[in-house]
Amino acid sequence: MPTPLPSGDEVDESVLQIWGKTRLSGHVTISGAKNSALAIMAGALLCPEDCRLRNVPSLVDVGRMSEILAALGVKLQRNGNILDINASQISQSQAPYELVSQLRASFFVMGPMLARLGVARVPLPGGCAIGARPVDLHVRGLQQMGADVQIDRGVVLARTRQQRLTGAKIYLDYPSVGATETLMMAATLADGETILENAAQEPEVVDLANFCRSMGAQIRGAGTNTIIINGVPKLHSTDYNIIPDRIEAGTFLVAGAATYSEISLSPIIPDHLTPVIAKLEATGAKIVMDAPDRMRIIPGSSIRPTDIETLPYPGFPTDMQAQFMALLTLSEGSSVITETVFENRLRHVAELSRMGADIRVKGNLAIVRGVPFLSGAPVVATDLRASAALVIAALAAEGQTTIQGLHHLDRGYEELEVKLQQLGANLKRVSIQTSPTEAEKPATSPQEAKVKPAS
Ligand code: UD1
């Protein structure tokens, strides 16, 4: 039986109640990478034949991307973690605003649509909680490849001047993941050679390149800062397996370190976790490999402080900054965390402080002074990775924490509660009887939140 596609409209109004100080143990299975899946789903627009994607996580963001593709006339069918996509007919060149506004990654459809149809209209995805997140690098690169691009009343309208895009030498001012992916996809069907310089090197960029290559695209250098794409007239059918999610894996490793728990994870690609492992070891934890795709964290006897600076890959990932901040609030000393990738990604500080953390923010720096313990409190998730940080803090804290704003969590973590429960964590999701606006505000105390068990 095909599984229904998860709907992006299903905004959760429940809260997560977590009773902390439980030692976790056991094994957790890591899902497919969200950021790969979103880009690869858009990449399937390049192919006029069947694409089978495996290891696709069941997430609200994946549901939203499915809805966007369906609105463009693409046929999708989901069966467990297999997603079949057939983009032989693209009936629409305009992505619907209501859907694009909910998912920034939906801008990824711009490159493939332009390459395939010669025209694409995509509403500007707008800013989000962690920063302005412009798309100027995407747009400038497409212009260099021969597209006329106009922005009219919030909609980016792009048309190719020739029948196809033309290869170009493009230097990215910043190694943007999204711009690298947009331009790499667009170049697969362009006329001639495209060279992307100062390209992003993230594993998800490599995964997208490998997916495109499995359809016959000619791409070299993905994973380095220079990617060379030789355009081909047409791509063909594929069956492709998405890589494991390094950020989900990193989140569980940090949860292990913060709760002094030994837990193992698989499947993982250890190289993708190098900066995360280095920082966990700096805090005193040990990471051992039990198999080439399976690792185990052995916690240290205490948590040592360490400084962190987020950077493009292979630097420390911004998507792990909030989780490490939660860990370092419990360290035996002071750590400086510098966020260089996004301008507004320290909003979890206020929520961690409600739990007793000692953190001072100066611009893009957070100075974290370790405290002996955190206390459970009602808190609100402000973005996806901030919600993961609050879960980690709650697991390590004394008493009960109630986390609101779970729609952020559900965007990017597949079955987080189930996985944590399997590790022995004491938590449950309960639905909350408040209006959507009230659901953004913390309840005065967990007891005062009007809760009923989630169905
Ligand atoms: C992707 C990831 C996100 C991750 C981020 C950085 C997906 C779906 N999301 O986001 O989880 O945190 O990479 O690793 O893959 N910028 C510009 N102009 C542009 C594009 C980006 O100024 O045209 C800036 C952004 O505002 C930001 C920085 O570059 O400050 C990095 O953004 P980028 O690498 O593009 O991140 P995303 O692709 O949006």
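Taking the stated definitions as given, is Thr188 touching a His at 6+ places or on another chain (Cβ under 9 Å), open to solvent by less than 30 Å² (accessible area, probe 1.4 Å), among the β-branched types (Val, Ile, Thr) and not assigned by TED's automatic domain parsing to the domain that holds Thr340? Step through it out loud before you land on a result.
On the way: touching a His at 6+ places or on another chain (Cβ under 9 Å): no; open to solvent by less than 30 Å² (accessible area, probe 1.4 Å): yes; among the β-branched types (Val, Ile, Thr): yes; not assigned by TED's automatic domain parsing to the domain that holds Thr340: yes.
No, not satisfied.
Every residue, every condition in (1) at pLDDT below 95; (2) over 18 Å from Thr274 (Cα atoms); (3) away from the ligand (no atom under 16 Å from the Cβ), yes or no:
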| site | (1), (2), (3) |
| --- | --- |
| Asp290 | no, no, yes |
| Ile298 | no, no, yes |
| Gly356 | no, yes, yes |
| Asp383 | yes, yes, no |
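Among the residues of region 342-396, which ones are over 23 Å from Leu409 (Cα atoms), without any contact (Cβ under 8 Å) to a residue 24 or more places away in the chain, not in a loop (DSSP other than H, G, I, E, B) and not basic (Lys, Arg)?
Correct list: Val361 only.
Criterion first (assigned by TED's automatic domain parsing to the domain that holds Ala44, surrounded by fewer than 22 Cβ atoms within 10 Å (Cβ to Cβ), within 13 Å of the ligand (Cβ to nearest atom) and not aromatic (Phe, Trp, Tyr)) does Gln163 satisfy it? Quick ask: steps written out before the conclusion?
On the way: assigned by TED's automatic domain parsing to the domain that holds Ala44: yes; surrounded by fewer than 22 Cβ atoms within 10 Å (Cβ to Cβ): yes; within 13 Å of the ligand (Cβ to nearest atom): no; not aromatic (Phe, Trp, Tyr): yes.
It is false that Gln163 is assigned by TED's automatic domain parsing to the domain that holds Ala44, surrounded by fewer than 22 Cβ atoms within 10 Å (Cβ to Cβ), within 13 Å of the ligand (Cβ to nearest atom) and not aromatic (Phe, Trp, Tyr).
Filter region 278-323 for residues that are more than 21 Å from Ala393 (Cβ to Cβ) and open to solvent by less than 30 Å² (accessible area, probe 1.4 Å) and give the result.
Result: Ile287, Met295, Gly315.
Take Leu273 and decide whether it is within 23 Å of Ile403 (Cβ to Cβ), touching a strand residue (DSSP E or B) at 6+ places or on another chain (Cβ under 9 Å), within 16 Å of the ligand (Cβ to nearest atom) and not charged (D, E, K, R).
no
Pick out the one residue from Leu253, Leu265, Leu273 that is assigned to a strand (DSSP E or B) and within 19 Å of Lys419 (Cβ to Cβ).
Details: Leu253 fails: assigned to a strand (DSSP E or B); Leu273 fails: assigned to a strand (DSSP E or B).
Residue meeting the stated conditions: Leu265.
Taking the criterion of being touching a Cys at 6+ places or on another chain (Cβ under 8 Å) and within 16 Å of the ligand (Cβ to nearest atom), would at least one residue in region 146-156 satisfy it?
The answer is no, given that none of the residues of region 146-156 is touching a Cys at 6+ places or on another chain (Cβ under 8 Å) and within 16 Å of the ligand (Cβ to nearest atom).
Of the conditions (1) part of a helix (DSSP H, G or I); (2) closer than 23 Å to Ser91 by Cβ; (3) of a type outside the set (Asp, Glu), Gln163 clears all except one; give me its number.
Checking Gln163 against (1) part of a helix (DSSP H, G or I); (2) closer than 23 Å to Ser91 by Cβ; (3) of a type outside the set (Asp, Glu), the one that fails is (1).
Filter region 329-341 down to the residues that are within 16 Å of the ligand (Cβ to nearest atom) and part of a strand (DSSP E or B), then identify the one that is surrounded by the most Cβ atoms within 10 Å (Cβ to Cβ).
Residue satisfying both the conditions and the ranking: Ile337.
Report, ordered by the first and then the second residue, all pairs with beta carbons closer than 6 Å, sequence separation of six or more or different chains, a first member in region 173-191 that is near the ligand (Cβ under 9 Å from one of its atoms), and a second member that is polar (S, T, N, Q).
The qualifying pairs are Pro175/Asn198.
Name the residue, out of Leu137, Leu196, Leu208, that is touching a Ser or Thr at 6+ places or on another chain (Cβ under 7 Å), crowded, with 17+ Cβ neighbours inside 10 Å and assigned to a strand (DSSP E or B).
Among Leu137, Leu196, Leu208, only Leu196 is touching a Ser or Thr at 6+ places or on another chain (Cβ under 7 Å), crowded, with 17+ Cβ neighbours inside 10 Å and assigned to a strand (DSSP E or B).
Confirm whether Ile170 is within 16 Å of the ligand (Cβ to nearest atom), more than 19 Å from the chain's Cα centre (by Cα) and farther than 15 Å from Ile228 by Cβ.
So Ile170 does not fit the description; no.
Anything in region 215-246 that is in contact with a Leu (Cβ under 9 Å, 6 or more places away or on another chain) and outside any strand (DSSP E or B)? List them, or say none.
Across region 215-246, the qualifying residues are Met215, Gly216, Ala217, Gly221, Asn225, Gly231, Val232, Pro233, Lys234, Leu235, Ile242, Arg246.
Here's a check for you: in region 96-122, which residue that is without any contact (Cβ under 8 Å) to a residue 40 or more places away in the chain and buried (at least 23 other Cβ atoms within 10 Å of the Cβ) is nearest to Gly154 (Cα to Cα)?
Here the residue is Val122.
For region 51-61, state whether one or more residues are touching a residue at least 24 places away in the same chain (Cβ under 8 Å), in a strand (DSSP E or B) and within 16 Å of the ligand (Cβ to nearest atom).
Within region 51-61, the subset touching a residue at least 24 places away in the same chain (Cβ under 8 Å) is 51-61.
Now restrict to residues that are in a strand (DSSP E or B): 51-54.
So of that shortlist, the ones also within 16 Å of the ligand (Cβ to nearest atom) come out as 53.
Checked against the condition, which is being touching a residue at least 24 places away in the same chain (Cβ under 8 Å), in a strand (DSSP E or B) and within 16 Å of the ligand (Cβ to nearest atom), region 51-61 yields at least one hit.
Within region 397-420, which residues are in a helix (DSSP H, G or I) and within 25 Å of Ser331 (Cβ to Cβ)?
Leu409, Leu416, Leu420
The values are calculated or read from the model by the stated rules, or taken from the named source; none is laboratory data. None of these values were measured; they are calculated from a predicted model. Reconstructed Cβ throughout: ideal geometry from the backbone, glycine too, with neighbour counts over all protein chains shown. Note: areas computed on protein heavy atoms with side chains; ligands, DNA, RNA excluded. Shrake-Rupley method; radii C 1.70, N 1.55, O 1.52, S 1.80 Å.
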